[in-house]
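The values are calculated or read from the model by the stated rules, or taken from the named source; none is laboratory data. What you see is a predicted model, and the numbers here were worked out from it, not measured in a lab. Counting neighbours? That spans all protein chains shown, and the Cβs are built from the backbone with ideal geometry, glycine included. Quick note on the areas: whole protein, heavy atoms, side chains included, nothing else; ligands and nucleic acids left out. Shrake-Rupley method; radii C 1.70, N 1.55, O 1.52, S 1.80 Å.
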Amino acid sequence: MRQVMVRYRTKADRAEENAGYIEKVFEELKRSRPDGLRYASFRLDDGVTFVHVAEISTADGSNPLAETQAFREFQSELKDRCEEPPVATDLHSVGSFNLFSD
């Protein structure tokens with residue numbers, strides 16, 4: 001099982017566009033309901049910083065999120081939308097309550 005957080009800051013004039021891509025990802029996930037994925041996305045108070053948190057627990061270690069069309073579209077121009085590029089950080093749980101599988 002892998003837990004990861006990705007954080008980045010978009011250009012001010014591209015933040016709404018970015019949020020729209022994220023909404024499409026969640027629409028597809030609700031339809032496809034992939035096994036082995038828990039995923040959340042947040043927009044911080046500054047309106048341009050986004051944080052994504054995922055837990056991937058597939059038997060083969062593959063990431064079901066990366067297999068969705070909407071996520072591929074989201075990633076396709078992400079670097080162009082960013083003021084600060086995405087930074088991925090592995091998370092090591094100390095504890096959680098109903099956020100990740102315990």
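Residue pairs whose Cβ atoms lie under 8 Å apart, separated by 6 or more positions or on different chains, with the first residue in the range 27-48 and closer than 13 Å to T68 by Cα and the second assigned to a loop (DSSP other than H, G, I, E, B), are E28/T68; L29/T68; S32/T68; P34/T68; D35/T58; L37/S57; L37/T58; L37/N63. Against the criterion of being acidic (D, E), part of a loop (DSSP other than H, G, I, E, B) and more than 13 Å from F74 (Cα to Cα), D13 does not qualify. Checking V25, V4 one by one, the residue that is open to solvent by less than 40 Å² (accessible area, probe 1.4 Å), hydrophobic (A, V, I, L, M, F, W, C) and not in a helix (DSSP H, G or I) is V4 and no other. Looking only at the range 60-92, residues that are more than 21 Å from E23 (Cβ to Cβ), modelled with pLDDT under 95 and of a type in the set (D, E) come to 1 in all.
Among the residues of the range 78-85, at least one is under 15 Å from M5 (Cα atoms) and exposed (fewer than 11 other Cβ atoms within 10 Å of the Cβ). Name the residues in the range 52-102 that are among the aromatic types (F, W, Y) and in a loop (DSSP other than H, G, I, E, B), would you? Matches in the range 52-102: F97, F100.
Tell me which residues, restricted to the range 39-61, are of a type outside the set (A, V, I, L, M) and either exposed (fewer than 14 other Cβ atoms within 10 Å of the Cβ) or touching a Lys or Arg at 6+ places or on another chain (Cβ under 6 Å) (or both).
In the first step, residues of the range 39-61 are kept if they are of a type outside the set (A, V, I, L, M); the result is 39, 41-43, 45-47, 49-50, 52, 55, 57-58, 60-61.
Matches in the range 39-61: F42, D45, D46, G47, T49, F50, E55, D60, G61.
Anything in the range 2-35 that is at pLDDT below 95 and either at positive phi or of a type in the set (K, R) (or both)? List them, or say none. Across the range 2-35, the qualifying residue is only R2.
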